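Contents: one structure, followed by commentary.
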Amino acid sequence: MAKRGDTDVLTWRDPKRYLWLLALAVPTLPFQAAGLVSLTGAKALWWWGPLFAFVVLPLLDHATGKDSANPPEAVMARLEADRYYRWCTYLYLPLQFGTLVWACDRWADGTLSIADSLGLAATTGVVAGVAINTAHELGHKREQLERRLSRMALAQSGYGHFYVEHNHGHHVRVATPEDPASSRMGESFWRFLPRAVAGSAASAWHLERRRLERRGRRAVSRHNDVLTAWGLTVVLFAVLSVAFGPVVLPFLLLQAVIGFCLLETVNYLEHYGLLRRRRPDGRYERVSPRHSWNSNNTVSNLLLFQLQRHSDHHANPLRRYQTLRHFDEAPQLPSGYATMIVVAWFPPLWRRVMDPRLRAHYDGDLSRANVHPGPRKTHPKTVLRRPS
């Protein structure tokens, strides 16, 4: 990062300050789809969500290039404290649930064909997937309001256990064979997906059960954060099914599956093949920027609250999105998440693109990489706990 004088620091303003509002275009994708269908008469545009995410966004990323600039160190505290950035994440939720209710009304009114309804479900699923990212940003913060909003945002995708597993499981075990959310070199996305979905749910339950046991409480109780998170989804889907009829339930389930599959695709590409070394005491080395794949593509970072600066996020989990930094030592993805998600769905293409980069990151020594098949046995001193 270039050094800046005192005068520069005093006058520095975030050049992307108002561009972060572009992230609020994502939850309106169903409305955009309806508008495009109305304007053009092309029913295929009910699939606007996937088209935008995996065709338009990669093109925008390519056209705008990358931005590796970091805020000056001296303004970090001021930038972190600026509540404007928090409201950018807060506002995602009313838009998210507003479009979900609107989509249910469209599924229930009988005017859409099955193909159109499936397209709207796919578009709504993209909203649900990015909502998990918004929940991710909120769930890492200390303020109770943000943590509650995080759990609410997860209700649409039925992935409420992510709140427990990500914070207290993934961040402890990231870039190790024991982490279900860290993919291994040679492991295809389609092999990773069931392992990640089942492993994350099992880990969340284990962590929450142990936390409650230490407090002398039963696992099956109102104090269980996993059960209450799943309960939010049940209540949400039940209310929508009663309000609009059971016809909406299959589409609600479909958009939820699409949402959490998008999350797991992102998990797949964020730590592919990266490995933390064992220390002499048997524990893993501290997480550093070199244990996460990074991307500085401008537009996708704006739409994802800078999730792609994932290296700094894992090194500093409490850091807010507007202050996440680029590190030269972090391994770099060849493009933004929108492009790499599509590449991940085609394993031969993924390996052709990513395996050479992984080898280069480890100077050709793959004994330093997290390689498939099979997890290594957990060292007896490697203890995973959820804080009380």
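Some points to look at:
- Each of L29, S150, Y163 was placed along the dipole of the chain (beta-carbon charges, centred on the mean Cα), and the one lying farthest toward the positive end is Y163.
- Amide H contacts under 5 Å for R325: D312, restricted to partners 5 or more places along the chain or on a different chain, H placed in the peptide plane at 1.01 Å from N.
- Computed E for R278/T111 - FRET, C-beta separation, R0 41 angstrom, nearest 0.05: 0.10
- Pair A25, L249: separation of 7 Å Cα→Cβ label points (nm): 3.8
- Under a 5 Å amide H cut-off, with hydrogens placed 1.01 Å from N, Y284 pairs with R279 among residues at least 5 apart or on other chains.
- Note on R217 and D82: their simple-model spin labels are 3.8 nm apart, each label 7 Å out from Cα toward Cβ.
- Scalar couplings 3J(HN,Hα) for segment 318-333, obtained by applying the Karplus form with A = 6.51, B = -1.76, C = 1.60 to θ = phi - 60°, are 7, 5, 7, 4, 6, 10, 5, 10, 8, 10, 5, 7, 6, x, 10, 5 Hz; x denotes Gly and Pro.
- Inter-part distance, segment 258-291 to segment 122-168, computed on C-alpha centroids, equals 20 Å.
- Across the alpha-carbon atoms of segment 295-350, the computed radius of gyration and Dmax are 12.0, 36 angstrom.
- Estimated FRET transfer efficiency (N70, L349; beta-carbon r; R0 25 Å; 0.05): 0.20
- The phi-based Karplus calculation (6.51 cos²θ - 1.76 cosθ + 1.60; θ = phi - 60°) puts the 3J(HN,Hα) values of segment 270-278 at 6, 9, 3, x, 7, 9, 8, 7, 7 Hz, whole numbers, x for Gly and Pro.
- Pairwise Lys count, the chain - Cα closer than 27 Å, eight or more residues apart or different chains: 4
- Phi-derived couplings, Karplus 6.51 cos²θ - 1.76 cosθ + 1.60 at θ = phi - 60°, listed residue by residue for segment 137-144: 4, 6, x, 8, 8, 7, 5, 4 Hz, with x used for Gly and Pro.
- Among P331, P180, P15, residue whose mean-square fluctuation peaks in a GNM of the chain (springs only between Cα atoms under 10 Å): P15
- Within the listed set V247, V126, V174, the Gaussian network model of the chain (springs between alpha-carbon atoms below 10 Å) gives the highest mean-square fluctuation for V247.
- Each Lys and Arg Cβ is given +1 and each Asp and Glu Cβ -1; about its Cα centre, segment 29-368 then shows a dipole of about 1120 debye.
- The order of the peptides 281-290, 313-322 by mean Cβ neighbours within 10 Å, most packed first, is 313-322, 281-290.
- Normalised per residue, the volume of the convex hull around the Cα set of segment 250-349 (Å³): 146
- When peptides 111-118, 37-44 are sorted by average Cβ neighbour count within 10 Å, with the highest value leading, the order is 111-118, 37-44.
- Across all directions, the shadow cast by the convex hull of segment 139-264 built on its C-alpha atoms averages 8.8 square nanometres.
- Normalised alpha carbon radius of gyration of the chain [divisor 2.2 N^0.38 Å]: 0.99
- A Stokes-Einstein calculation at 10 °C with viscosity 1.306 mPa s, built on the Kirkwood radius of segment 1-135 over Cα pairs, returns a diffusion coefficient of 92 µm²/s.
- Rounded, prolate or oblate (a/c below 1.5 giving rounded, otherwise prolate when a/b exceeds b/c) for segment 118-181 by Cα gyration tensor: oblate
- Interchain or long-range residues, amide H under 5 Å from N294's placed H: Q332, L333
Rule-based calculations on the coordinates, nothing more; no lab input. Please read all numbers here as calculations on a predicted model, not as lab measurements. In this analysis, Cβ positions are derived from the backbone assuming ideal geometry, glycine residues included, and neighbour counts consider all displayed protein chains.
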